[in-house]
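I'd like to ask some things about the structure below.
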Amino acid sequence: MKIQHIFFDLDHTLWDFEKNSALTFQEILPASNITVDFDLFMKTYIPINFSYWKKYREEKVSKEELKYLRLKETFDALDYYVNDVTIHYLSEEYIVNLPNHNHLFEGTFEILDYLQSKYQLHIITNGFEEIQTQKMEKSGISKFFTAVITSESVGVKKPNPKVFEFALDKVNTTAANSIMIGDNLEADIQGALNCGIKAIHYNSEKINLIPENIISINHLIDLKQYL
């Protein structure tokens, strides 16, 4: 069957989450008079945030717990005291300000423009619904996508098959006619493959441990080799 629909992940795949996240913290931490060493903060925060998103995907923490605990645990690890009121305030300020930074991965516009003439493009994201649309609009990529499926609108998160089944139903297509492109081997790639959807892994971090059966690219423009 010919591919007709391409589903993209958003964060870490098109939208440069780590760069935009760092720029957001550079604004909101000084504004709350937090003078922690910034590089050390980010080095500590990134793996903690990653671990909490995994717990969130697995339904082990709620959205509100993720937003609070990733900051609380970072400050605790740095032995830098911040009271709970400030942590809750920072967690909300982070969400509000994050879409104001709109760095995309190199080649995003070029590859989306190329693919849009051949396929219908969609987004499937586990990111918070209230800011994902803002990220797309402010970065100028909304125009490329027909449907945006958020895990919150489905009620479960990738890699749960219900997310992919919901997406296929929403755009009136089949797994055989579709492909998923994302950075997360568990949520995006294996989740799609488990539903019979082809998948391409975007390996921006150039990690080495990629299963042999998975197509992996290091640059978005490399999608032209396959699509």
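The values are calculated or read from the model by the stated rules, or taken from the named source; none is laboratory data. Small disclaimer: the values here were computed from a predicted structure and weren't measured. All Cβ positions, glycine included, derive from the backbone under ideal geometry; neighbour counts span all protein chains shown. These area figures cover heavy atoms from the full protein model, side chains too; ligands, DNA and RNA do not enter into them. Shrake-Rupley method; radii C 1.70, N 1.55, O 1.52, S 1.80 Å.
Restricting to segment 170-215, what's the tally of residues that are β-branched (V, I, T) and within 18 Å of I123 (Cα to Cα)? Working first, answer last.
Looking only at segment 170-215, we keep the residues that are β-branched (V, I, T), and these are 171, 173-174, 179, 181, 189, 197, 200, 207, 210, 214-215.
Keeping just the survivors that are within 18 Å of I123 (Cα to Cα) gives 171, 173-174, 179, 181, 189, 197, 200.
Qualifying residue count for the region: 8.
State all residues of segment 82-101 that are part of a loop (DSSP other than H, G, I, E, B) and surrounded by fewer than 18 Cβ atoms within 10 Å (Cβ to Cβ); if no residue qualifies, say none.
Step one: filter segment 82-101 for residues part of a loop (DSSP other than H, G, I, E, B), giving 82-83, 101.
Result: N83, single match.
So, one more: Out of curiosity, is I124 open to solvent by less than 10 Å² (accessible area, probe 1.4 Å), within 18 Å of H12 (Cβ to Cβ) and not in a helix (DSSP H, G or I)? Show your work before the answer.
Values: open to solvent by less than 10 Å² (accessible area, probe 1.4 Å): yes; within 18 Å of H12 (Cβ to Cβ): yes; not in a helix (DSSP H, G or I): yes.
The answer is yes for I124.
A follow-up question, please. Quick one: is T35 surrounded by fewer than 18 Cβ atoms within 10 Å (Cβ to Cβ), over 16 Å from the mean Cα position of the chain (by Cα) and at pLDDT 95 or above?
Working: surrounded by fewer than 18 Cβ atoms within 10 Å (Cβ to Cβ): yes; over 16 Å from the mean Cα position of the chain (by Cα): yes; at pLDDT 95 or above: yes.
The answer is yes for T35.
For N194, only one of the following conditions fails: (1) closer than 18 Å to F50 by Cα; (2) at pLDDT 95 or above; (3) of a type in the set (S, T, N, Q). What is its number?
It is condition (1) that N194 fails.
How many of the residues making up segment 44-81 are farther than 30 Å from N160 by Cα, assigned to a helix (DSSP H, G or I) and not aromatic (F, W, Y)? Even if it seems obvious, please write down each step before you answer.
As a first pass, look at segment 44-81 and keep what is farther than 30 Å from N160 by Cα: 75-81.
Filter once more, keeping what is assigned to a helix (DSSP H, G or I): 75-77.
Then drop every residue that is not not aromatic (F, W, Y), which leaves 76-77.
The qualifying residues number 2.
I'd like the full set of residues that are open to solvent by 20 Å² or more (accessible area, probe 1.4 Å), under 17 Å from F25 (Cα atoms) and more than 17 Å from the chain's Cα centre (by Cα), limited to segment 44-75.
Correct list: T44, Y68, L69, K72, E73.
Now, a different point. Condition test on I210, is it surrounded by 15 or more Cβ atoms within 10 Å (Cβ to Cβ) and either touching a Ser or Thr at 6+ places or on another chain (Cβ under 9 Å) or part of a helix (DSSP H, G or I) (or both)? Show your work before the answer.
Working: surrounded by 15 or more Cβ atoms within 10 Å (Cβ to Cβ): no; either touching a Ser or Thr at 6+ places or on another chain (Cβ under 9 Å) or part of a helix (DSSP H, G or I) (or both): yes.
Taking the combined requirement at face value, the residue does not satisfy it.
Pull out all pairs, ordered by first then second residue, where Cβ-Cβ is under 8 Å, the residues are six or more apart or on different chains, the first lies in segment 1-27 and is assigned to a loop (DSSP other than H, G, I, E, B), and the second is basic (K, R) and open to solvent by 30 Å² or more (accessible area, probe 1.4 Å).
From residues that are assigned to a loop (DSSP other than H, G, I, E, B), the pairs are I3/K198.
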